[in-house]
1. Measuring from centroid to centroid over Cα atoms, what is the spacing of segment A:40-91 and segment A:372-425 in Å?
2. With just the Cα atoms of segment A:348-424, tell me how far they stretch along each of the three principal axes, in Å, largest first.
3. Cross-link list A:251/A:369; A:69/A:231; A:156/A:251; A:156/A:231: which exceed 28 angstrom alpha carbon to alpha carbon?
4. What's the extension gain from residue A:201 to residue A:354 if we count 0.36 nm per residue and subtract their Cα-Cα distance?
5. With no solvent and one equal point scatterer placed on each C-alpha of chain A, evaluate the Debye formula and give log10 I(q)/I(0) for q = 0.06, 0.10, 0.14 Å⁻¹, two decimals.
6. If you take every DSSP beta bridge fully contained in chain A, what fraction is antiparallel? Give it as a percent rounded to 5.
7. Quick one: what are the phi-derived ³J(HN,Hα) couplings along segment A:185-193, Karplus 6.51/-1.76/1.60 with θ = phi - 60°, whole Hz, x for glycine and proline?
8. Note the full-extension length gain between residue A:171 and residue A:137 as 0.36 nm times their separation in residues minus their Cα-Cα distance, in nm to one decimal.
Amino acid sequence: MDRASTDLLADLTARGLVHDTTDRANLEDRLAAGPMSLYVGFDPTADSLHVGHLVGQLFLRRFQMAGHKPFPLAGGATGMVGDPSGRSDERNLLDLDTLRHNVSRIELQLQRLLDFTPGSAQAVLVNNADWTEPVRLLDFLRDVGKFVTVNQMLAKDSVRSRLDSDNGLSFTEFSYSLLQANDFRHLYEHHGVELQAGGSDQWGNIVAGVDLIRRGLGKSAHALTHPLVTKADGTKFGKSVDGAVWLDPDKTSPYAFRQFWIQVDDAMVGRYLEMFSLGALDDVRATIAAHAEAPEKRLAQRELARELTVMVHGTEAADAADEAAAVLFGGDPTQASPAALAVVAREVPSSSMSSAQLADTIGTLVQAKLATSNGDARRTLEQKGYRANGVQLDENAQLMAIALLHGRYLLLRKGKANHHLLEIS
RNA sequence: GGGUCGGUACCCAAGCGGCCAAAGGGAGCAGACUGUAAAUCUGCCGGCUCAGCCUUCGUAGGUUCGAAUCCUUCCCGGCCCA
């Protein structure tokens, strides 16, 4: 345990997870001295976290595995105000009902990846609304505001960039970092939380808390940020064509979640594996080396997809997703068992129709959402972009002429990775 | 409030009376190659009952045989002046 503790920072650094820290030697000493408490905050901007939040969640998990005590924080209060960090324009405020709903959903997700069984490293879920809502405005101005100069606040990147832009910055968002600073002070005072971690865009907010703790309490606390995850082309990570990749299985199915990781670029997969895997770094590096030997096997992507799907959705859902993918990408779908097809039906868009409707090949493709219009379906047919039960279609193809799987299934595929399962009655 | 420039398809951006469903680029889709990757190459990329027709160039009118292109109204944005 001690060894893990002292090596934690080195491990995080080797994984490319450390962007910046307050006095590093100091933090190393503190980690070596024994278990500490830390927190990472998640604002309820939506009713689910997405893959971009995983790094932060896993930070808590890594610390917990090393014996430290994690405090996942749901931003019931900060979510009321909106963080200007990393945003070029003002946020729209969420109404209270939405906010409350989002908080309750996110709290469930924050409980998934951490260990809440009693013990010294037991995770504790907190919500900053609990200590922020009761505070009176005048008390806040005296107890928090008095320790912060506007000069400092204006110097923060997130504020300055907005002041320089045409969009401006409301007083509401300007004051955001005070709320977050107060969170850190509250957790320090009442729970002994000495470290706040987060994405590099949170640096300003986090050190605001460190400053407040020093000025208000005369104590020293630590900050640690991780780099924001990016894609090979530098664009924002975690967005697929259909939008964000959510952790909520109702918003992003376990199958779609798995596929997101399977389809990661070779150029990034090593880095992602280092950042996201909880496995020992040596094992991770061995996988990466094996992947470099035979990239076509996609070993690294498979490892990454498997570990994260199990972590977020559980073994059973991960198995089902694997099984569905085996049918969809495994070659000949006519060999798939009825049980496997049943899994596919749950994991992939599907619909049922009568054999009469099937006579309209173009219409069926549109209805299956594998074409945006009749013309699009025709074009794609001309370009030989569709397969039905493994048979490539052309512009003269008739879906009716294709033999059904197990007498009732027609597995449609557009391009490489777009599927739709039809059940024919 | 005054002046001025501008609003073109998912995004950027040409076009400035007929040859315009509208150049070019990006994004996207499909094919080839391969590996559920990247790069590259090829094709497609408003809709339809597809050699034709219909609906689009901020909005509403007008001029004209004919308008994205000219005129007017209004709406929205940039810049300059106040």
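What follows draws every value from the coordinates through simple rules; no lab data is involved. Nothing here was measured: the structure is a model prediction, and the numbers come from that model. Cβ: placed from backbone, ideal geometry, glycine included. Neighbour counts: every protein chain shown.
1. Segment A:40-91 and segment A:372-425 have Cα centres separated by 43 Å.
2. The principal-axis extents, from largest down, are 29, 24, 19 Å.
3. Details: A:251/A:369 18 Å; A:69/A:231 31 Å; A:156/A:251 35 Å; A:156/A:231 26 Å.
A:69/A:231; A:156/A:251, as the Cα separations exceed 28 Å there.
4. Working: separation 153, 0.36 × 153 = 55.08 nm, distance 5.35 nm.
The residue A:201-residue A:354 span can extend by a further 49.7 nm.
5. The computed values of log10 I(q)/I(0) come out as -0.32, -0.79, -1.24.
6. Details: 18 of 38 bridges.
Antiparallel: roughly 45 percent of the beta bridges in chain A.
7. Taking θ as phi minus 60°, the curve returns 5, 4, 5, 5, 5, 9, 10, x, 6 Hz for segment A:185-193.
8. Working: separation 34, 0.36 × 34 = 12.24 nm, distance 1.44 nm.
Gain in length upon complete extension: 10.8 nm.
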